[in-house]
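Below: the structure, in structure tokens.
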Amino acid sequence: MAAVIPCVTRISQNIIRILGCNPSSETQQGTNTYIIGSGKRRILIDCGEADVPQYINHLRAVLNYEGIDLAHIFISHGHEDHIGGLADIFEHLKDKTKHCQVWKHPSPKDSGLNIPKHIEIENFKEGQEFAVEGATIRILRSPGHTDDHVAFHLLEDNAVFSGDCILGDGVAVCEDLFDQVHSLGEIASLRPSVVYPGHGNIIHVSTERNITRF
Ligand SMILES: [Zn+2]
């Protein structure tokens, strides 16, 4: 059985994980969202689902406790369990999102997303880097699970936030197997020391392990 994921976990100096509180057969224990950085303005990776007040309350509590706001929200891909909570975050945490930019890789399917007009979504560029205090993140295109999927490389820790490209428990489903295998190879080539997945527990990668066979 997979280890239980708490609602809020301080993982390190620059990473806090907040569970989306949206458990289901598809999302496992729920969507993992992550607050990255150590300064007053930080990055949130993924948003959980719409209409989950428990998640918004946890996110608010963490932002208040840390005395921080959000500089950026990164969406790993356009599935409801990763982008659905975006409107709720803007609506219920206005003071924390006043100067927040939202980023995603564009997809033809974006027109079907239920995002209010006043929330502008900017397009990631391949290899684009974002820096906040305590964290530099490079965008890593990783299609396969979906056509718009991106992962995030935290350079300071050589860690990868894998979205649904790699799951902590179980195997990711994919729309395009060839793209998925290629994306896994790209992530493996970074030889990350740790992978923080969109669902499931953290994956620690042994330094002795030969991962070039991906
Ligand atoms: Zn997901």
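If you filter region 1-45 for trypsin sites (Lys or Arg not before Pro), then keep DSSP loop positions with at most 12 other Cβ within 10 Å, what is left?
Values: sites: Arg10, Arg17, Lys40, Arg41, Arg42; in loops: Lys40.
Here the sparse-neighbourhood loop sites are Lys40.
With a 10 Å Cβ neighbour count serving as the proxy for reagent exposure, in which order, fewest first, do Glu133, Glu66 appear?
On the way: Glu133 12, Glu66 16.
Going from least to most buried by this count: Glu133, Glu66.
What do you get for the angle between helix 53-66 and the principal long axis of the chain? Use alpha-carbon atoms, 0 to 90 degrees, nearest ten.
90
Cross-link partners among lysines for Lys40, C-alpha distance below 26 Å, same-chain residues fewer than 8 apart left out?
Lys94, Lys96, Lys98, Lys104, Lys125
Determine which residues of region 12-46 fall in the zone a paramagnetic label at Thr136 would reach in this model, i.e. backbone nitrogen under 17 Å from the point 7 Å along Cα→Cβ.
14, 37-39, 43, by backbone N distance to the label point.
So what are the ³J(HN,Hα) numbers for region 166-171, from phi and the Karplus equation (6.51, -1.76, 1.60; θ = phi - 60°), rounded to whole Hz, Gly and Pro as x?
10, 9, x, 9, x, 10
Out of residues 5 or more away from Ile73 or on other chains, whose amide H comes under 5 Å of its own, with H placed 1.01 Å from N in the peptide plane?
It is Leu44, Gln101, Val102, Trp103, by chain and number.
Once you put a point 7 Å from the Cα of Val4 and another 7 Å from the Cα of Asp110, both along the Cβ direction, what distance in nm separates them?
4.0
Residue by residue, what Karplus-based ³J(HN,Hα) values in Hz, rounded to whole numbers, does region 30-41 have, using 6.51, -1.76 and 1.60 with θ = phi - 60° and x for Gly and Pro?
x, 7, 7, 10, 9, 9, 10, x, 10, x, 6, 10
If the viscosity is 1.002 mPa s and the temperature 20 °C, what translational diffusion coefficient in µm²/s does Stokes-Einstein give for the chain when Rh comes from Kirkwood over Cα pairs? Before the final figure, lay out the partial values.
Numbers: Rh = 17.1 Å.
Rounded, D is 126 µm²/s.
Each residue of region 74-86 in turn: what ³J(HN,Hα) in whole Hz from Karplus with 6.51, -1.76, 1.60 and θ = phi - 60°, glycine and Pro shown as x?
9, 9, 6, 5, x, 6, 3, 7, 10, 10, x, x, 4
Stretch Asp147-Leu177 to full length: gain in nm at 0.36 nm per residue minus the Cα-Cα span? Mind showing how you got there, number by number?
On the way: separation 30, 0.36 × 30 = 10.80 nm, distance 1.11 nm.
Full extension from Asp147 to Leu177 adds 9.7 nm.
Using a ≥ b ≥ c from the Cα gyration tensor of region 1-114 (square roots of the eigenvalues), is it rounded, prolate or oblate, where a/c under 1.5 gives rounded and otherwise the larger of a/b and b/c decides, a/b for prolate? Could you put the intermediate results ahead of the total?
Working: a/c = 1.58, a/b = 1.06, b/c = 1.49.
Oblate, since a/c reaches 1.5 and b/c is not below a/b.
Counting only DSSP beta bridges with both residues in the chain, tell me the antiparallel percent, nearest 5. Mind dumping the intermediate values first?
Values: 27 of 42 bridges.
For the chain, the DSSP antiparallel bridge percentage is about 65.
Hey, what angle do you get for helix 177-189 against the long axis of the chain, alpha-carbon based, 0 to 90 degrees rounded to 10?
90
Extending each Cα 7 Å along its Cβ direction at Glu80 and Ala61, get the distance between those two points in nm, one decimal.
A separation of 2.6 nm, rounded to one decimal place.
Say R0 is 30 Å: what FRET efficiency, to the nearest 0.05, do Asp51 and Glu120 get from their beta-carbon distance? Each step should come with its number before you reach the end.
Details: r = 22 Å, r/R0 = 0.74.
For R0 = 30 Å, the calculated efficiency reads 0.85.
Bear in mind that the values in this text are calculations on the coordinates, not laboratory data. Remember, predicted model here, so these are calculated numbers, not experimental data. Using ideal geometry, Cβ is built from the backbone for each residue, glycine included, and neighbour counts are taken over all protein chains shown.
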